[in-house]
Amino acid sequence: MTTARAQVDGRTARRDRNSEAVLDAVRELFVEGNYTPTAEAVAARSGVSLRSVYRYFEDTEALFRAAIARRVAQAEPLFVLPDLGEGALDDRIARLVDHRLALYAALGPEARAAVLRGPSAPLVNEALDARRRLLFTQLEAHFAPELRSIGGVRAKALLRCMDLLLQFESLEHLSRRSGLTPGRVRQVLITGTRAFLAEAE
């Protein structure tokens, strides 16, 4: 390897390390409750110069998009619900609720940041909407026997109600605004989901 090539490779590796440090810093600030950190705050937390932050990311919107997209990609395996549609109803309900709570714990900071940014972050919201559609389809498949038993317009309405109950915003309300303990939130979700499906029995 020539000296020139080694220098280029070294700069590339350093750039990659610094970019990762910047994105890690954004994640840390989100977790701490700072959902709209300034570039200065990110630079200070990451140890990367402000000039370099803007060299790696065009502006703060690009920085936040990259940080959220990176975290969603890291959490991609968590979107898979094990044993989809298998088992007794009560077991399926508990597994689904635990799955949604795990997703909420993993992606809560990024989801809050995306909600706060709203229309100014359309690409982020499009990505989150795609995951919401995935989770809706998953919910429908997980309780397909019960929904078929109920049938018709009522089954579709109950499916939408369950989807609403299990959305990020609902978990946020129960966990952060209502002040319920994690165990109590879990019980509310299980009880609610069970009630929606009760007439299938």
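Taking interchain pairs and intrachain pairs at least six residues apart, which have beta carbon atoms under 6 angstrom, with the first residue in the stretch 85-96 and within 14 Å of residue 162 (Cα to Cα) and the second surrounded by 12 or more Cβ atoms within 10 Å (Cβ to Cβ)?
92/142; 93/190; 93/193; 93/194; 96/142
Among residues belonging to the stretch 172-201 that are of a type in the set (Asp, Glu) and part of a helix (DSSP H, G or I), point out the one that is surrounded by the most Cβ atoms within 10 Å (Cβ to Cβ).
Only one residue tops the list, namely 172.
Return the residues of the stretch 14-36 that are part of a helix (DSSP H, G or I) and without any contact (Cβ under 8 Å) to a residue 12 or more places away in the chain; say none if nothing qualifies.
Going through the stretch 14-36, the residues part of a helix (DSSP H, G or I) turn out to be 14-31.
Once the filter is applied, which keeps residues that are part of a helix (DSSP H, G or I) and without any contact (Cβ under 8 Å) to a residue 12 or more places away in the chain, the stretch 14-36 yields 14, 16, 17, 20.
Considering only the stretch 12-42, how many residues are of a type in the set (Lys, Arg) and either surrounded by 12 or more Cβ atoms within 10 Å (Cβ to Cβ) or not assigned by TED's automatic domain parsing to the domain that holds residue 55 (or both)?
2
Answer yes or no as to whether residue 95 is touching a Gly at 6+ places or on another chain (Cβ under 9 Å), in the same structural domain as residue 192 (by TED's automatic domain parsing) and either closer than 21 Å to residue 138 by Cβ or surrounded by fewer than 17 Cβ atoms within 10 Å (Cβ to Cβ) (or both).
Yes: the conditions hold for residue 95.
Condition check: out of contact with any Asp or Glu (no Cβ under 8 Å at 6 or more places or on another chain) and at pLDDT 95 or above. Does residue 164 satisfy that?
So residue 164 passes the test.
The values are calculated or read from the model by the stated rules, or taken from the named source; none is laboratory data. Owing to the predicted nature of the structure, the values given are computational and were not obtained by experimental measurement. When we count neighbours, we look across all protein chains shown, and the Cβ atoms used for this are built from the backbone with ideal geometry, even at glycine.
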